[in-house]
Structures are given as structure tokens and as C-alpha cells.
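Enquirer: Take a look at the following structure, please.
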Amino acid sequence: MKRALATAAAAVVSLAAAPAFASVFEMFGAGPRAVGMGGAMTAAASGGEASFHNPAMLAGAALAGAWGGFDYTHFDLNITLQRPVCTDATASCRSQFPGGFSSRAPQLPRDTGGAQLGWHYPLGGVFKERVVLGASLALPADHLIRISGPDPQTPHFPMYEGMPDRIAFLFAAAWRVTDYFWLGAGVQVLAGLDANIQLALNPTNGTMDNAAIRIGLQPKARLTAGATVHAPQDVWFAISYRQRLSLQYQIPTDVALGKPAELAIALSHETLFTPDSFHAGIAWRPLHGPVLLSGDLTWSLWSAMPDPSPQVALDVGGAGVNGMGLGGALDVGTNTPPIRLDYQDTLSPALGVEWTVNENWRLRSGYQYRPTPAPRATGPYDYLDGDVHALGLGVGFGLGTHDAATLAKLAERDDDPAGPPPRLHVDLGSQVLVMPRRTVYKLDQGDPVGNLEHGGAVWNVSLAFGGTF
């Protein structure tokens with residue numbers, strides 16, 4: 001029986017191990033330019049990065065272009081418990097730590113990295129200079145998608161747990177309604193999970209008589225949209241919207257142990273959550289000069305965030321078990337209502353600057369403030385988060401120039417807030433998210449974790465190579 005239970009548990013755990021909530025684009029921005037400018041891109045996005053930040057900004061591209069590169073994220077977040085951690089038997093822990101102990105060790109995010117791509121292409125024919133297509137992609141190096149649901153009483157950072165380890169793919173199109181008014185729309189795609197497991201075990205001889213495992217991926221598409229007004233004096237006003245996106249899955253597992261017993265394991269979870277978000281931005285190039293200033297304000301509906309912990313139920317039945325009256329006695333699981341997080345909607349401002357030093361060099365910087373949507377974890381659940389100050393720096397280096405006809409076309413359009421694009425370019429962006437330390441005093445002195453402090457930083461660097469044609 002123990003071997004049968006272990007087999008069934010392993011089948012479920014193999015499908016439900018690891019973490020994630022959002023993509024690297026939500027954390028830092030799409031591409032090195034956005035990373036360096038602190039994500040203040042609603043009215044300043046250029047080329048493929050606009051597929052994420054504001055699809056309407058694709059209409060500013062007079063030339064086709066693409067870029068590809070890599071990013072790396074290092075987590076320096078920390079959790080300090082007031083009590084020592086002891087995960088031994090309760091009696092042993094009490095003898096070792098008579099002054100009190102924590103029965104839960106903190107869980108911290110791990111470093112990660114991946115590839116990024118951006119692409120845009122103005123259509124020809126009847127759509128010439130009116131419709132532009134674009135796409136952006138973030139592809140994690142280790143996992144396309146990682147899913148996990150830590151114990152709610154385990155101290156961890158659900159807003160960052162595996163956040164970059166999710167594929168992000170966005171495709172968009174922009175329509176240049178007039179030279180001064182642009183519209184854009186697109187989709188953000190995430191694959192959902194559909195699975196079912198049926199096992200027939202023979203506990204007498206320890207064999208598996210039958211195994212039927214079905215696992216499928218179901219694509220989910222969510223809306224992205226935006227509008228831009230290119231006003232005189234090199235001013236861009238823009239708004240954009242990204243629809244809520246999450247992954248919901250259920251993995252029912254039925255295990256037949258011959259006639260004596262049957263085991264049913266039900267696992268359900270909603271994770272990879274990104275809220276509905278509304279963005280307003282302005283970009284300005286004073287006196288048609290070398291400096292671009294940008295500002296963003298983002299409203300994120302975090303109050304709709306679901307309980308990130310998994311729901312697990314174990315139902316033991318069968319003729320033998322029910323005949324002994326043990327059917328209900330052996331059932332275990334989290335058959336309780338989802339945890340109410342009490343997260344709040346947030347307003348997040350961001351500022352960015354880009355200085356075109358000369359035809360080859362561009363310097364960038366940015367700042368974003370993200371107030372936390374999470375209350376202090378003074379109750380029984382240890383979902384930790386804090387306010388964040390995001391600081392960005394970046395540099396771009398251009399190689400080669402376009403021919404005279406192309407330069408004349410760029411001068412005539414002059415719609416791209418990034419200015420005339422070089423033929424080839426290399427961009428480097430870096431960003432640090434600083435989370436000031438936050439102290440949590442538990443309301444219940446008998447809490448299994450106890451008082452704690454948390455904070456730290458998250459570092460990101462992004463490098464890309466690209467060109468226009």
C-alpha cells in the first residue's frame with residue numbers, strides 16, 4: 001500500500017512542481033531599451049518592444065526591424081525569521097529550542113535567464129505606410145513554464161517566485177489612422193494545462209497493470225490594445241491596456257488498487273497571474289533635440305489576484321476500505337475555501353530618459369515606483385511583498401548608416417520617438433529592483449513561523465543585437 005501511494009503521489013508531483021506568476025517583461029520591460037528606461041515605454045516604445053508596451057506605437061516605424069538577445073536575473077531577496085528553523089519532530093524541536101522555533105523554512109526565488117526577440121514589419125501594397133505588424137518573445141532558458149504552489153504558511157515571495165520562468169509571446173498590429181492618430185491591438189498567448197491520470201496497481205505483487213496518462217496544452221490568448229496621438233512639437237500621448245492572464249488547471253488522478261481500495265487525488269490551481277492593467281504615457285523631445293523624456297502611470301487591478309496555493313484532495317475508498325468503515329477517516333486535503341489575500345489595486349509611476357549623444361551612441365536611464373498590493377503578512381499566511389524602487393541604466397551603440405533615400409524617408413516621417421534608427425545596433429540595459437526591508441509582527445504569538453523581516457533586491461541585465469532594413 002505504501003508503495004502504491006508513493007507511485008500515485010509521484011505522478012502528481014511530477015506535473016506540479018516549481019513556481020511562476022508573470023513574465024520577465026512585466027518585471028523589467030521588453031528588451032534592453034525598455035529595461036534601461038525603467039519601463040516608461042507606453043508613449044516611447046519603438047519597434048518590436050511596442051507589441052508589449054503599446055501596440056499602437058508600432059505605427060511609428062518607417063522601416064522593418066528585428067532584435068534578439070539574452071537576459072539574466074539575479075535574486076538577492078532575503079527573509080529573516082526571529083526564531084530558529086526546526087523541521088524535526090515537534091518534541092525534538094521543543095527540546096532543542098525551548099525559547100520557540102519556526103516549523104517553516106523560507107523559500108526564495110532562484111536566478112534565471114533566457115532569450116528575447118523583437119520584430120516589426122510595415123506592410124506594403126494597399127496597406128503601405130498604414131499597417132505595421134510586430135511581435136515580442138521572452139523564452140526562459142530552463143522551462144517554458146514553471147508552476148508551483150508553496151504551503152501558504154511557508155514564507156515566500158509569490159510576486160517574484162519563478163516570475164521570469166514563463167514564456168511570453170505577444171503579437172500585435174497597428175493602424176495609422178492619420179499621421180497624428182494611431183491605433184493598435186494584439187494578443188498575449190499562454191498555454192494552459194489539461195491532464196488526467198489513471199493508474200491500475202496490483203499491491204499484492206507490486207506491479208502496475210495499467211497506466212493511462214493524458215496531458216495537453218491549451219493556448220489562451222488575452223487582449224492587448226493601445227492608442228497614440230502624435231502631437232506637434234515632438235510630443236506623444238498614449239494609452240494602453242493588457243488583459244488579465246492566468247493559468248488554471250485541474251489534474252484528477254484515479255488509482256485502482258485492485259478490489260480492496262481505490263485512491264482519487266484531485267489537484268487544482270490558478271497561477272501565473274498577471275492583472276488587468278491600464279497605462280497612460282507621455283513622451284517629449286524638447287526643441288526636436290537629442291533628449292527624449294518619457295513618463296508612465298500604470299493602474300494594476302491586483303485586488304483580483306486569486307489564492308496562489310494549490311487545492312489538493314485525497315479520497316480513499318473501495319470495497320475493502322469502505323467495508324471497514326475507514327473511507328471517510330482516510331480522506332485528507334485542502335477542502336477549504338480559497339484564502340482571501342486582501343490585495344489592493346495599485347498606481348505605479350515611471351520616468352525615463354534617452355540621450356542621443358551622436359549618430360552612434362545613446363544613453364538611457366529610468367526610475368519606476370511600484371507600491372506593493374499586499375498587506376503585511378501578520379496573519380497565518382506568509383505571502384510576502386514590499387514596495388519596490390526600480391532603477392534602470394542602458395546604452396545603445398549604432399553601426400552603419402542607411403542610404404540617402406532611406407535617410408530622406410526617415411526625415412520625412414520622423415514619427416519614431418527613438419529617433420532615426422541605425423542600420424545595426426547593440427543595446428545593453430540593466431535594472432535593479434530595490435525592496436526596502438519590511439517588518440512583520442504576527443498577531444498570533446503561537447504562529448508556526450513567528451515574526452520576521454523581508455526585503456532585498458532583484459538584478460537584471462539584458463543584451464540584444466538588431467538592425468533595421
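Enquirer: Of the residues in region 334-362, how many are crowded, with 16+ Cβ neighbours inside 10 Å, of a type outside the set (D, E) and in a strand (DSSP E or B)?
Expert: The number of residues fulfilling the criteria is 8.
Enquirer: Residues to consider are A61, A50; find the one that is crowded, with 24+ Cβ neighbours inside 10 Å, under 15 Å from W175 (Cα atoms) and out of contact with any Leu (no Cβ under 9 Å at 6 or more places or on another chain).
Expert: A61
Enquirer: On to the next question. Suppose the filter is at pLDDT 95 or above and in contact with a Leu (Cβ under 9 Å, 6 or more places away or on another chain); does L330 pass it?
Expert: No.
Enquirer: Tell me yes or no: at least one residue of region 425-440 is surrounded by 15 or more Cβ atoms within 10 Å (Cβ to Cβ) and not in a strand (DSSP E or B).
Expert: no
Enquirer: From the list L424, L443, which residue is closer than 30 Å to L391 by Cα and in contact with a Gly (Cβ under 9 Å, 6 or more places away or on another chain)?
Expert: One residue alone meets the criteria, L424.
Enquirer: List pairs: first residue in region 63-82 and touching a residue at least 60 places away in the same chain (Cβ under 8 Å), second residue hydroxyl-bearing (S, T, Y) and not in a strand (DSSP E or B) anywhere in the structure, Cβ distance under 9 angstrom, at least six positions apart or on different chains.
Expert: Cβ pairs passing all conditions: L63/T406; G65/S46; F75/Y160; L77/Y160.
Enquirer: Within region 271-292, take every residue that is surrounded by fewer than 18 Cβ atoms within 10 Å (Cβ to Cβ) and within 17 Å of T228 (Cα to Cα) and give me the one that is farthest from the chain's Cα centre (by Cα).
Expert: A280
Enquirer: Could you list, in sequence order, the residues of region 89-128 that are under 23 Å from P421 (Cβ atoms) and in contact (Cβ under 8 Å) with a residue 60 or more places away in the chain?
Expert: Those that are under 23 Å from P421 (Cβ atoms) and in contact (Cβ under 8 Å) with a residue 60 or more places away in the chain: Q116, L117, G118, W119, H120, P122.
Enquirer: Same structure, new question: Considering only region 444-462, I want to know if a residue exists there that is surrounded by fewer than 19 Cβ atoms within 10 Å (Cβ to Cβ) and either basic (K, R) or without any contact (Cβ under 8 Å) to a residue 12 or more places away in the chain (or both).
Expert: There is at least one residue in region 444-462 that is surrounded by fewer than 19 Cβ atoms within 10 Å (Cβ to Cβ) and either basic (K, R) or without any contact (Cβ under 8 Å) to a residue 12 or more places away in the chain (or both).
Enquirer: Can you pull out the residues in region 363-384 that are part of a strand (DSSP E or B) and buried (at least 21 other Cβ atoms within 10 Å of the Cβ)?
Expert: R364, G366, Q368, R370, Y383
Enquirer: Tell me, yes or no, whether region 270-280 has at least one residue that is at pLDDT 70 or above, touching a helix residue (DSSP H, G or I) at 6+ places or on another chain (Cβ under 8 Å) and not in a loop (DSSP other than H, G, I, E, B).
Expert: yes
Enquirer: Hey, among the residues in region 401-433 that are polar (S, T, N, Q) and under 30 Å from the mean Cα position of the chain (by Cα), which one's farthest from A66 (Cα to Cα)?
Expert: Selected residue: Q431.
Enquirer: Could you look through region 69-102, keep only residues that are surrounded by 18 or more Cβ atoms within 10 Å (Cβ to Cβ) and of a type in the set (G, A, S), and pick out the one that is farthest from Q445 (Cα to Cα)?
Expert: Applying the filter and picking the extreme gives G69.
The values are calculated or read from the model by the stated rules, or taken from the named source; none is laboratory data. None of the values given here were measured: they were computed from a predicted structure. As a convention, Cβ positions derive from the backbone with ideal geometry for all residues, glycine included, and neighbour counts pool all protein chains shown.
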